[in-house]
Amino acid sequence: MSSLEHPVVITCSISGSLANREQCPAIPYTPAEYAAEARRIVDAGGVHIHIHARKPDGTPSYEIEDFQAISDAIRAEVGDAAIINFSTGAMGVSLEQRVAYLRACRPEVAALNMGSMNYAKYSARRKDFVFSTVFANPFTEIIEFLRVMNELGIKPEHECFDVGHVGSLAPLIDMGVLKTPLHVDFVMGVTGGIPPTARNLAAMADNLPEGDHHWGVIGISRIQWTMVAAALSLGGSIRVGLEDNFYLPDGTVARSNGELIEKAHQMTIDAGRRPATVQEARAALHLPEVPLALAAAPGGTGT
């Protein structure tokens, strides 16, 4: 299990797929803008970058060429200084299309949502839901993603929105389709998922299967900073970024992902924890020391 002695893997979710520049001007759209944000993230102490692809006009994309262009631009800017992680979550996009960009681009890590749920945003002012839908992630799809990731050597990042999602890990381990140790993130603050409290975060971590697993927290909206503090106190790692939250702790809108990472980095040190280097992050997630894509490139260190 993660502990206070382990270095903290600081992750950035760089853009998401829903937010736009009317909400936050710093959201990157083009590959060059993703690369510039990646540089800010790495310079501020981030070592793991979660990517949702967009077309250059900002619309969400699940096309191979957009994932490839963004990941190539990031690699050209920061080299092996960050782990690249692709989202696989989507509504209304076929499993086959999501598998296709994993096969073509082969990220080091890919997120894997661990269960179906009501997924909503509620407005207390309106006394109504701003939106409400069902986010379907059946076991049949989870197992297929795991088989593909195993085949390609991609490490799954298990995103768990509730305690039941954590409980879904054990049968997959027993089946042999899920390899341990695990890399798990607890998503806190989505209406329909587990409420974002320190006690609930501890319960999520306590429900992990036995083993030396790595876990972190993903806090949604401004509660993110409270959940960062809780994870740091409990021995976990942390994720911030413009997909999840636009605001710094004082309520000002972040001007870049780098500003969010800088604050998370400082909170890590202030909590008495040590930010992980990218090499330590790769070790914690049980990844190769050098990304396969770079090792296999001309002039790379691979064979």
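Out of the range 1-54, which residues are farther than 21 Å from residue 269 by Cα and among the hydroxyl-bearing types (Ser, Thr, Tyr)?
Within the range 1-54, 15, 17, 29, 30, 34 meet the criteria.
Could you look through the range 133-170, keep only residues that are at pLDDT 95 or above and hydroxyl-bearing (Ser, Thr, Tyr), and pick out the one that is surrounded by the most Cβ atoms within 10 Å (Cβ to Cβ)?
It comes out as 168.
Each row is one residue, and each column tells you yes or no for (1) part of a strand (DSSP E or B); (2) under 22 Å from residue 218 (Cβ atoms); (3) polar (S, T, N, Q).
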| site | (1), (2), (3) |
| --- | --- |
| 21 | no, no, no |
| 36 | no, no, no |
| 42 | no, yes, no |
| 76 | no, no, no |
| 88 | no, yes, yes |
| 93 | no, yes, no |
| 104 | no, no, no |
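Under the condition of being among the charged types (D, E, K, R) and within 18 Å of the chain's Cα centre (by Cα), which residue from the range 42-83 is most open to solvent (accessible area, probe 1.4 Å)? Working first, answer last.
Taking the range 42-83 as the starting set, the residues that turn out to be among the charged types (D, E, K, R) are 43, 54-55, 57, 63, 65-66, 72, 75, 77, 80.
This time we only want the ones that are within 18 Å of the chain's Cα centre (by Cα), so: 54, 75, 80.
Values: 54: 5, 75: 38, 80: 68 Å².
Looking at residues that are among the charged types (D, E, K, R) and within 18 Å of the chain's Cα centre (by Cα), I get 80.
Would you say residue 281 is modelled with pLDDT of 95 or more, out of contact with any Gly (no Cβ under 7 Å at 6 or more places or on another chain) and open to solvent by 10 Å² or more (accessible area, probe 1.4 Å)?
For residue 281, the condition - modelled with pLDDT of 95 or more, out of contact with any Gly (no Cβ under 7 Å at 6 or more places or on another chain) and open to solvent by 10 Å² or more (accessible area, probe 1.4 Å) - is not met.
Out of 231, 254, I need the residue that is touching a residue at least 24 places away in the same chain (Cβ under 8 Å) and buried (at least 24 other Cβ atoms within 10 Å of the Cβ). Which one? Show your work before the answer.
Values: 254 fails: buried (at least 24 other Cβ atoms within 10 Å of the Cβ).
None of the others qualify; the one that does is 231.
I need the full set of residues from the range 1-19 which are part of a loop (DSSP other than H, G, I, E, B) and more than 26 Å from residue 65 (Cα to Cα), in order please. Step through it out loud before you land on a result.
Of the residues in the range 1-19, the ones part of a loop (DSSP other than H, G, I, E, B) are 1-7, 9, 14-19.
Answer for the range 1-19, where residues must be part of a loop (DSSP other than H, G, I, E, B) and more than 26 Å from residue 65 (Cα to Cα): 1, 2, 3, 4, 5, 6, 7, 9.
The values are calculated or read from the model by the stated rules, or taken from the named source; none is laboratory data. Note that the structure is predicted; figures quoted are calculated from it, not measured. Neighbour counts are summed over all protein chains in view; Cβ atoms, including those assigned to glycine, are modelled from backbone coordinates with ideal geometry. Surface accessibility is based on the protein's heavy atoms, side chains included, excluding ligands, DNA and RNA. Shrake-Rupley method; radii C 1.70, N 1.55, O 1.52, S 1.80 Å.
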